[in-house]
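The values are calculated or read from the model by the stated rules, or taken from the named source; none is laboratory data. Computed from a prediction, not measured in an experiment: that's the story for all the values here. Positions of Cβ are backbone-derived with ideal geometry, glycine not excepted, and every protein chain shown enters the neighbour counts.
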2 protein chains.
Amino acid sequence: MTRRAGREKAGAFLVEGAQAVGEALAAHGTGALRVRELFHTGADRQAEFAAAARSGGVPVHQVTERAAASLSETVTPQGLVAVCDLPATSVADALAARPRLVAVLVGISDPGNAGTVVRVSDAAGAGAVLFAGDAVDAYGGKAVRASTGSLFHLPIARDRSAGAVLDACRDAGLRLVGADGRAPADLDAAADDGSLARPTAWVFGSEAHGLPEEVASRLDTTLRVPLHGRAESLNLATAAAVCLYASARAQRR
Amino acid sequence: MTRRAGREKAGAFLVEGAQAVGEALAAHGTGALRVRELFHTGADRQAEFAAAARSGGVPVHQVTERAAASLSETVTPQGLVAVCDLPATSVADALAARPRLVAVLVGISDPGNAGTVVRVSDAAGAGAVLFAGDAVDAYGGKAVRASTGSLFHLPIARDRSAGAVLDACRDAGLRLVGADGRAPADLDAAADDGSLARPTAWVFGSEAHGLPEEVASRLDTTLRVPLHGRAESLNLATAAAVCLYASARAQRR
């Protein structure tokens, strides 16, 4: 289950460590997620998690540190692992509540980036994160850890067809705005002219390749984050932070 | 030289790979940095770097891939390494040009974060990045790589005394603004009331520990990035991106 194929076959993914397991159990409590089983090593600090799991009807297993480590992907396992149902959220499900701000990640491959963008999307008040194309698995261990629980706070969905994701966003009333370092217009101009206040799906490409041409051509517009110094670009997570927060502010004024 | 003590003893640090070595040689050309030596494995694509180094008076050595790899800190060495003088920039030097936007990092320990914040500071037009307290070395391999060349674009300085760094910023006419998730006022309010337009030193603590009390008590104010969703916080680099870009925008209106 530490590989994507294993996760998809089992229909499950692993959540490790106190903070993330606490969030997963909270999501289980609200019905947003199903925790199948909780494994712990019996350390004192794990008692509250075991109790919370039991009260939510989750089977709890005390195992040896060695067994817990075998479930862990980290070098320093914390001896606390939840096995959770892989959500079967479709892109249409994720957009059903008609969010006014959405992040779309096209073809990104770095799991740490994926999780960090989920975290920053949550922080900026986005209503969904959509993975499009040949993208990293948001439910891999590193992505789950980088999201610091935000994976359980908002709907996450994936579709290999970037076109289908873009169509679904448009059908949900979202303006499709791509982040592109070569775009003629910048974020400040869009904030000034009021266009950022509209319901927006921000579309981000990978750091290495940017937005594929077939995606860029289907967007309503592209905008660049202004580079005031001599940096050639921002990394994906910081660019997403600046773009999503610019929309969040414009939508609340 | 892959360890801080080794770098300080040698007064030098290593820069790897085409993009970063190109930036280092450019900085050598302007006198902003001294490249001592260039090592390469003789691959065709390295010829332009070797020529640029020679024309700048930098000794160039062709070595075996094994020798180049021994100089490298990465798993996939690119066979191109520049040995550069460790800049002796003091905090006073870094502030001499009276920048209107500065990033101060207090006690941060993750080199990837350090480099990413240098990159985003450069992008947002900051005039210096100052490391205060018991901080990671900005000239370590991982920090250099994460900065993607921005390390050579703006002055970087370090002082173990956070108080001395804050005093120097204040003396340089900068308002000291800390990023703090528990601050009563948020970034949007500061953008609205005009205070963000003033010359500002943004002060960031570590992700794990935040701003130490003895630092927080010496600031002019603290501000929080608004959390519109359910995320408990942002990571350091994304928080810095949002704060620095908010100032950059306010200072340019």
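Observations
- Remark: A:SER195 falls outside the filter, which requires a residue to be out of contact with any strand residue (DSSP E or B) (no Cβ under 9 Å at 6 or more places or on another chain), of a type in the set (Ser, Thr, Tyr), in the same structural domain as A:ILE108 (by TED's automatic domain parsing) and surrounded by fewer than 22 Cβ atoms within 10 Å (Cβ to Cβ).
- Which numbered condition A:GLN251 misses (of (1) over 18 Å from the mean Cα position of the chain (by Cα); (2) closer than 30 Å to A:VAL15 by Cβ; (3) touching a residue at least 60 places away in the same chain (Cβ under 8 Å)): (2)
- Residue ID - surrounded by the most Cβ atoms within 10 Å (Cβ to Cβ), chosen from residues in region A:34-54 that are touching an Asp or Glu at 6+ places or on another chain (Cβ under 7 Å) and either at pLDDT below 90 or of a type outside the set (S, T, N, Q) (or both): A:ARG34
- Between B:LEU154, B:LEU187, the distinction of being in contact with an Asp or Glu (Cβ under 9 Å, 6 or more places away or on another chain), aliphatic (A, V, I, L, M) and not assigned by TED's automatic domain parsing to the domain that holds B:ALA32 belongs to B:LEU154 only.
- Taking region B:206-248 as the range and being in contact with a Lys or Arg (Cβ under 6 Å, 6 or more places away or on another chain) and closer than 15 Å to B:SER195 by Cβ as the test, only B:ASP220 passes.
- Considering residues of region B:1-42 that are touching a helix residue (DSSP H, G or I) at 6+ places or on another chain (Cβ under 8 Å) and of a type in the set (Ser, Thr, Tyr) only, the residue farthest from B:SER55 (Cα to Cα): B:THR2
Per-residue answers, yes or no, for (1) out of contact with any helix residue (DSSP H, G or I) (no Cβ under 8 Å at 6 or more places or on another chain); (2) more than 20 Å from B:ALA114 (Cβ to Cβ); (3) among the charged types (D, E, K, R):
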site: B:ALA51; (1), (2), (3): yes, yes, no
site: B:VAL60; (1), (2), (3): no, yes, no
site: B:ALA68; (1), (2), (3): yes, yes, no
site: B:LEU71; (1), (2), (3): yes, yes, no
site: B:PRO77; (1), (2), (3): no, yes, no
site: B:ALA88; (1), (2), (3): yes, no, no
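- Lone qualifier among B:ASP159, B:ASP122, B:ASP137 - being out of contact with any strand residue (DSSP E or B) (no Cβ under 7 Å at 6 or more places or on another chain), away from chain A (no Cβ under 11 Å), in contact (Cβ under 8 Å) with a residue 12 or more places away in the chain and at negative phi: B:ASP137
- Some residue of region B:89-103 being among the β-branched types (Val, Ile, Thr), within 10 Å of the chain's Cα centre (by Cα) and assigned by TED's automatic domain parsing to the domain that holds B:LEU244: no
- Qualifying residue in region A:77-99 (condition: within 14 Å of chain B (Cβ to nearest Cβ) and not basic (Lys, Arg)): yes
- If you check A:ALA240, A:ALA248 for being in contact with a His (Cβ under 7 Å, 6 or more places away or on another chain) and farther than 15 Å from B:SER121 by Cβ, only one passes: A:ALA248.
- The single residue among B:ALA246, B:ALA237, B:ALA231, B:ALA190 that is over 19 Å from B:VAL117 (Cα atoms), small (Gly, Ala, Ser), within 14 Å of chain A (Cβ to nearest Cβ) and outside any loop (DSSP other than H, G, I, E, B) turns out to be B:ALA190.
- Scoring A:ALA201 on the criteria (1) surrounded by 22 or more Cβ atoms within 10 Å (Cβ to Cβ); (2) within 14 Å of chain B (Cβ to nearest Cβ); (3) over 17 Å from A:ARG182 (Cβ atoms) leaves a single failure, condition (2).
- Qualifying residue in region A:205-220 (condition: within 14 Å of chain B (Cβ to nearest Cβ) and either in a helix (DSSP H, G or I) or buried (at least 20 other Cβ atoms within 10 Å of the Cβ) (or both)): no
- The condition of being free of Cβ contacts under 8 Å to residues at least 60 places away in the same chain, within 17 Å of A:GLY149 (Cβ to Cβ) and more than 20 Å from the chain's Cα centre (by Cα) holds for only one of A:ALA53, A:ALA68, that being A:ALA53.
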